[in-house]
Amino acid sequence: MRKIIIAGNWKLNKTIKDAVDLVTALKKDLAGTTAVDIVVCPVYTALADVRKALQGSVLGLGAQDCYWEDSGAFTGEVSAGLLKDAGVQYIVIGHSERRQFFHETNETVNKKIRAVLQQGLIPIACIGETLDEREAGKTFDIIKTQCEKSFAGFTAEEMKKTIIAYEPVWAIGTGKTATPDQAQEVHAYIRKMLVAMVGEEAARVVRIQYGGSVKPENAAELMKKPDIDGALVGGASLKADSFAAIVKNSVVQK
Ligand code: PGA
């Protein structure tokens, strides 16, 4: 059985004070919720204070990106090792906004995931097709290439430690969620790819989150699908009531 994991991707939002207020509310609302793993991913500047505010709670701490080198002359970058030092446990890698606005490629995503794994942290690796690609019938080709290149050379053990987030770009921040069947179809395809890449046993273990306009109203139906193992939540993770409701609604029997 794969444990459901719900992660809030706060993107470029919230001052330190607002971030601490949000996790303080979540800590209260979600106290004792252990049936699903819960993660919040604030901006770098809020990590230290959020970490303190989270102490003694069931919530995990994530970052939204990292660089693949450990240290050196890379102005402006933050490494996985330094994020570990700051108390981070999860790092989102290859979000479509990073691919679109910061020119990340499957190759850089591969290096970053490796750096995260090397530090013993958990990568949340994002893949997903654009609307044009879906309408042109290329969804599965795109997913295949993203998996093959982003996870190139991974051992079964490395793959097992990696969380994949399937986020159709057309569903991110648009209010247009993939239907549970649409998402399940791609999740099942990703798992089939993983069987070919790292074998059946590892493929069975890998958690695959869905992301793209997840809300309290659609979380349960998505989570009931056999290959959907959680959610990466953007907009609805910025408020305690909606994020807590998503987490609670994600406790489903499969
Ligand atoms: P959304 O974002 O929930 O606002 O659609 C999801 C994401 O970008 O991870």
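Any read-out appearing in this document is the output of simple, stated calculations on the displayed coordinates, not a laboratory observation. Treat the numbers as computed from the prediction; the structure is a model and nothing was measured. Cβ placement follows ideal geometry from the backbone for every residue including glycine, while neighbour counts extend to all protein chains displayed.
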| What's the Kirkwood radius of the stretch 181-249 in Å, using all Cα pairs? | 12.7
| remark: Once Lys and Arg are counted +1 and Asp and Glu -1 for all other residues with Cβ under 15 Å from that of Gln253, the total becomes +4
| said: If I model a spin label at Ser71 and Glu185 as a point 7 Å from the Cα along the Cα→Cβ vector, what separation in nanometres do I get? | reply: 5.0
| message | How charged is the neighbourhood of Gly137? Take every other residue with its Cβ under 14 Å from the Cβ of Gly137, and add Lys/Arg as +1 and Asp/Glu as -1. | response | -3
| request: With no solvent and one equal point scatterer per Cα, compute the Debye intensity ratio I(q)/I(0) for the stretch 81-156 at 0.14, 0.17 Å⁻¹ and report its log10, rounded to two decimals. | output: -0.48, -0.68
| request: Please work out the FRET efficiency for the pair Glu200 and Thr34, using the Cβ-Cβ distance as r and a Förster radius of 25 Å; give the result to the nearest 0.05. | output: 0.30
| request: Provide Rg over Rh for the stretch 104-236; use the alpha carbon set for both Rg and the Kirkwood Rh (inverse mean inverse pair distance). | output: 0.95
| said: Taking just the alpha carbons, could you work out the radius of gyration and Dmax for the stretch 147-189, both in angstroms? | reply: 13.0, 36
| task | Kindly give Rg over Rh for the stretch 31-142, based on alpha-carbon atoms, with the Kirkwood expression for the hydrodynamic radius. | result | 1.03
| Can you sort Asp227, Asp141, Asp49 so the residue with the fewest Cβ neighbours within 10 Å comes first? | Asp141, Asp49, Asp227
| Gained length - Lys17 relative to Thr155, 0.36 nm times residue gap less alpha-carbon distance | 45.6 nm
| field | Environment charge at Pro180 (Cβ cut-off 11 Å; Lys +1, Arg +1, Asp -1, Glu -1) | value | -2
| Two-decimal ratio, the chain, of alpha-carbon radius of gyration to 2.2 N^0.38 Å | 0.94
| request: Tell me, rounded to the nearest percent, the portion of alpha carbon pairs in the stretch 34-78 spaced more than 16 Å apart. | output: 50
